Amino acid sequence: MKSNSLPLLCFKIYLILVLIVIFSVFIRLPNFFSPLLELHDFRQTQTASNVWLYQKFGFKLFEYHVPMFGGMYWMNEFPTYQMVVFLFSKIFGFHDWVGRLVSLISIINSIILLFYIYLKLLGNKIQSLYGVLIYTLTPLNIFFYRTYIPDPLILSISLGTLFLTFRLNKKFSYKILYSIYFLILLCLLSKITITFSLIFPILYLIYRSINKHKDKIKIYKISIGFILLSIILYFFWYQHTQFLNSKSFTLSDGTLINWYLGTKFLSLDFYRVIFSRIIGEISILGILLSLLGLLYLKSLKNENTKMPIYPVISLLIAIGIIKFNNIFTGKTISKIIILLFFTYYYFNSFDKMKSIYAPYTEYSHNILSIADTIKSCTSPNYKIISAWPNADPNHPTIFYYSKRIGYNLDLIKISKLNEILNSDNEIKYLVLYPVDRNSKQ
């Protein structure tokens, strides 16, 4: 290739990257300004409630409230995302779409970071483009990278931390090292499950960087100090959250453990669900391409790098596509199969995202109608009890949209009513629903 054609090729590649970023934003815009009454509305409205209640109770760095449990606490994660959204809300106003905007910025940042991470791993810009295109089209990412939850931001920060370790590995800098350690601690406190999926490649690259430095003993001492400090801070944060959570009447320890860990890692069903979701997300052909990529993964310089499941699957599929194309070089069949894969992938993504583009309209209407009724019939100065059959005591949605705080009560366990009333003298209203309000019908 002529040297004067290289700048043009680079320009085209970065132009395609920009187009992928624009496309990734565009496919996440439908219903962007609609209420948070789609899939995962429980978690979205709970996080949005944390931000809303900063207004009511005042902003405090080390605590946040929920509207359930009488407006007390349900704390596990450090509120990095909530604080960022709160800051944006001070600028744009307190709207549901502001939380989505932060997640949308996170996907832009993640795509750019992943492109450069893939480039470091693969040394090939075209393969890196394949990887980020697959990543942005994954149905799971289309959904979660436009939701009102912490995960997109924390994953983006984690990817930024991984990117910094590549820079550290290239040229050591104490400033970069301290930045990496700070971001690791922030991510550990904010979303430990996401951080664990990236911590091993990050630590491996830090280890390689330190070993090449002439003052490695000094740096190891600093690193050990950071590890001890992280353990101490995490322990104090955990104790702090448990102390505040203990003030929340009707919040159980079991609820906290299940929410914190999310699942039982030794359960066979956990892995069955993961496998079925991966098949549904990327198809059998995607699995085969990723396996082909895995066969050639040993040829990469940084073969020990491990990233969260979708970035790594995107990476493997990208390698598989290139190797598949190389095996059938010059043959039309390879181009047709790759085109069919991307066509399937594109339409499969949109098919799975019908819940975003056409959310539960009747469910949304019912929730918003109930919330409006509560607003008009109650005073924000008093607490309410929201009661219906099979009520989930942890559900925040009605409280969030009615901008009230209080308690959820299962009508089947009506005997608990007196316990709640005796625990809180600010309760004035009892809201009854004749049917299961959890039903999305």
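For the range 163-186, which positions are of a type in the set (S, T, N, Q), at pLDDT below 90 and either in contact with a His (Cβ under 8 Å, 6 or more places away or on another chain) or within 20 Å of residue 114 (Cα to Cα) (or both)? Result: 169, single match. Note on the range 88-127: residues that are polar (S, T, N, Q) and either within 16 Å of residue 33 (Cα to Cα) or crowded, with 24+ Cβ neighbours inside 10 Å (or both) amount to 4.
Among residues of the range 360-382 that are touching a residue at least 24 places away in the same chain (Cβ under 8 Å), those with a Cβ under 7 angstrom from a residue that is among the basic types (Lys, Arg) and assigned to a loop (DSSP other than H, G, I, E, B), sequence gap 6+ or separate chain, pair up as 360/440; 363/440; 374/404; 375/403; 378/404; 380/403; 380/404.
Within the span defined as the range 75-87, one or more residues are farther than 13 Å from residue 156 by Cα, over 16 Å from the mean Cα position of the chain (by Cα) and touching a residue at least 12 places away in the same chain (Cβ under 8 Å).
Are any of the residues in the range 68-76 open to solvent by 10 Å² or more (accessible area, probe 1.4 Å), hydroxyl-bearing (Ser, Thr, Tyr) and in a strand (DSSP E or B)? Yes; the residues of the range 68-76 include at least one that is open to solvent by 10 Å² or more (accessible area, probe 1.4 Å), hydroxyl-bearing (Ser, Thr, Tyr) and in a strand (DSSP E or B). Contact annotation: residue pairs with Cβ atoms under 9 Å, 6 or more positions apart or on different chains, pairing a residue in the range 196-222 that is in a loop (DSSP other than H, G, I, E, B) with a partner that is open to solvent by 40 Å² or more (accessible area, probe 1.4 Å), are 212/172; 213/172. Any residue in the range 176-183 that is closer than 23 Å to residue 81 by Cβ, open to solvent by less than 10 Å² (accessible area, probe 1.4 Å), part of a helix (DSSP H, G or I) and not basic (Lys, Arg)? Looking through the range 176-183, at least one residue is closer than 23 Å to residue 81 by Cβ, open to solvent by less than 10 Å² (accessible area, probe 1.4 Å), part of a helix (DSSP H, G or I) and not basic (Lys, Arg). Among the numbered conditions (1) surrounded by fewer than 14 Cβ atoms within 10 Å (Cβ to Cβ); (2) modelled with pLDDT under 90, the only one that residue 41 does not meet is (1).
The values are calculated or read from the model by the stated rules, or taken from the named source; none is laboratory data. What you see is a predicted model, and the numbers here were worked out from it, not measured in a lab. With ideal geometry, Cβ positions are generated from the backbone for all residues, glycine too; neighbour counts draw on all protein chains shown. Remember, those area values only see protein heavy atoms, side chains included, never the ligands or the DNA or RNA. Shrake-Rupley method; radii C 1.70, N 1.55, O 1.52, S 1.80 Å.
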